[in-house]
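Just so you know, all these numbers are worked out from the coordinates, no wet-lab data involved. Because the structure is predicted, anything quoted here is derived from the model rather than measured. Positions of Cβ are backbone-derived with ideal geometry, glycine not excepted, and every protein chain shown enters the neighbour counts.
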Amino acid sequence: MNHELIAQLERLEQRDIESREKLLEEGRLHGTYEEEMQNVHVENAEALNNIISSHGWPGISKVGLEGCRAAWLIAQHAICTPELQRRFLYLLKEAAAAGEVPAKQVALLTDRIRFNEGKPQIYGTVLDWGEDGDLCCELENPESVDERREDIGLPPFRTSLEEHQREVKAEGGRPPEDFRAYKQAQSKWAKNVGWQ
């Protein structure tokens, strides 16, 4: 185990968590993607990229399951850096094939990238507000989503959806008042950072 690398990944993960908690306490987590959070995500993505350049993907044999999870979280939140996030997915797939990361990490990152590209998701793990005011997502082959989820150790889609809806409500999240403006801002952001 590379304990120095584990500590480095844990520091990056902790910075992400603390920034999120601060924004949540200030009532600024939901509704917009705060610049402060974006900066953390960009800096963490670049730090993870440097780690990978020196050590390869931080898999279980190098950093244990918790270190591996921290690396995935940083990759999952690297949404401001499309090229890096796509690179992380490629390397994560290789690591999963070698048994170095849980398969569900690949699934979650795949859905995150597809969501940002404006494509239907495979596993239904990234939820967003719908025009009807509910959290939802567009699925590719929705009739078999629960089979795909079961294959990688995720609960049924409906169970996960209801749990996430409760979480967001408990955190104070609510649908956008102007759905059209919300979607336009989302699309503008995706184009500005290079997703679409």
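Semi-axes of the equivalent ellipsoid for region 59-115, computed as √(5λ) from the eigenvalues of its C-alpha gyration tensor and ordered from largest down, come to 18, 11, 9 Å.
GNM on the chain, alpha-carbon springs under 10 angstrom: the most fluctuating residue among VAL101, VAL168, VAL63 is VAL168. Computed from the Cα positions only, the extents of region 16-137 along the three principal axes stand at 43, 30, 24 Å, in decreasing order. Size estimate for region 55-196 follows the Kirkwood approach: the inverse of mean 1/r over distinct Cα pairs works out to 16.3 Å. The mean sequence separation of alpha-carbon pairs under 8 Å and at least six residues apart, normalised by the residue count of the chain, gives a relative contact order of 18 percent.
What do you get for the angle between helix 82-97 and the principal long axis of the chain? Use alpha-carbon atoms, 0 to 90 degrees, nearest ten. Helix 82-97 and the main axis of the chain meet at about 60 degrees. In degrees between 0 and 90, to the nearest 10, how far off the longest principal axis of the chain does helix 103-116 point, with axes built from Cα atoms? The answer is roughly 50 degrees.
Once both labels are positioned 7 Å from their Cα atoms along Cα-to-Cβ, the gap between LYS119 and ASN192 label points is 2.5 nm. Once both labels are positioned 7 Å from their Cα atoms along Cα-to-Cβ, the gap between ARG11 and ASP128 label points is 3.5 nm. Note: relative contact order over region 1-111, using C-alpha pairs below 8 Å and six or more positions apart, is 28 percent. Past 24 Å, Cα to Cα: identify those pairs from LYS119/LYS188; LYS93/LYS188; LYS93/LYS183, in the order given. Beyond 24 Å: LYS93/LYS188; LYS93/LYS183. Restricting region 126-185 to GluC sites (Glu not before Pro) that sit in a DSSP loop and have at most 16 other Cβ atoms within 10 Å of their own Cβ leaves GLU131, GLU138, GLU140, GLU171, GLU177.
A full extension of the chain between ASP178 and GLU66 corresponds to an added length of 36.3 nm, given 0.36 nm per residue minus the alpha carbon distance.
To test your reading of the geometry: what angle, between 0 and 90 degrees and rounded to tens, separates the Cα axis of helix 60-76 from the longest principal axis of the chain? Here the helix axis deviates by roughly 30 degrees. Which residues in region 62-86 place their backbone N less than 12 Å from a point set 7 Å from the Cα of ALA98 along the Cα-to-Cβ direction? Under 12 Å, as judged by backbone N against the label point of ALA98, lie 62-63 of region 62-86.
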